[in-house]
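S.K.: Have a look at this one.
The values are calculated or read from the model by the stated rules, or taken from the named source; none is laboratory data. Here the structure is a predicted model, which means the values were calculated and not measured. Cβ placement follows ideal geometry from the backbone for every residue including glycine, while neighbour counts extend to all protein chains displayed. The protein model used for the area step is the full one, side chains on, heavy atoms only, and it has no ligands, DNA or RNA in it. Shrake-Rupley method; radii C 1.70, N 1.55, O 1.52, S 1.80 Å.
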Amino acid sequence: MMVSQLVRDARRNAEKPQPLSQVVADVTAELGHGEEAIPAMRHRVRASLQYLSREKYSVAKHGSESKVLWSLAGQNTLTRA
């Protein structure tokens, strides 16, 4: 399965927007890799999130700099507690 599909699935299954680190952990776990794979997956997942946000408009970026959270586009999940 392609990383971009796993990223969308991880966003679909999340109850609220999450930071990159959580998206990476979710995708890495879905691929069946251990925590040692997280550093290597970080770049691929970030690139997929940026592509899906900029080109496909299927994920949304909330915030800026070190406080960025990611969700599926069109989900108003920021108001949930």
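S.K.: Between Leu6, Leu72, His43, whose Cα lies farthest towards the positive end of the dipole of the chain when Lys and Arg beta carbons carry +1 and Asp and Glu beta carbons carry -1, centred on the Cα centre?
M.R.: Checked the options; the winner is Leu72.
S.K.: Okay, moving on. Fully extended, how many nm does the chain gain between Gln75 and Gln5 (0.36 nm per residue separation, minus their Cα-Cα distance)?
M.R.: Working: separation 70, 0.36 × 70 = 25.20 nm, distance 1.74 nm.
Gain on extension, Gln75 to Gln5, equals 23.5 nm.
S.K.: How much solvent-accessible surface does Ser53 expose, in Å² to the nearest 10, with a 1.4 Å probe and all protein chains in place?
M.R.: Ignoring ligands and nucleic acids, Ser53 comes out at about 30 Å².
S.K.: Looking at the chain, which GluC sites (Glu not before Pro) are DSSP coil and have at most 10 other C-beta atoms within 10 Å of their C-beta?
M.R.: Answer in residue order: Glu15.
S.K.: Counting alpha carbon pairs within less than 8 Å and at least 6 residues apart, what relative contact order, in whole percent, applies to the chain?
M.R.: 36 percent
S.K.: At a 1.4 Å probe, what is the % contribution of carbon and sulfur to the accessible area of the chain? Could you put the intermediate results ahead of the total?
M.R.: Details: 2590 of 5380 Å².
Here carbon and sulfur together make up 48 percent of the probe-accessible area.
S.K.: Simple spin-label model, 7 Å along Cα-to-Cβ: His43 to Asn13 in nm?
M.R.: Placing both labels 7 Å beyond Cα along the Cβ direction yields 2.6 nm.
S.K.: Kirkwood hydrodynamic radius, computed over distinct alpha-carbon pairs, for the chain: how many Å, to one decimal?
M.R.: Here the Kirkwood hydrodynamic radius works out to 12.6 Å.
S.K.: Another question about this same structure. Compute the length gained on full extension between Glu35 and Gln22: take 0.36 nm times their separation in residues and subtract their Cα-Cα distance, giving the result in nm to one decimal. Walk me through the numbers on the way to the answer.
M.R.: Details: separation 13, 0.36 × 13 = 4.68 nm, distance 1.19 nm.
That works out to 3.5 nm of additional length.
S.K.: With a probe of 1.4 Å, find how much accessible area the chain has per residue, and write the answer as a whole number in Å². Don't jump to the answer; show the numbers that get you there.
M.R.: Numbers: 5380 Å² over 81 residues.
Here the per-residue accessible area is 66 Å².
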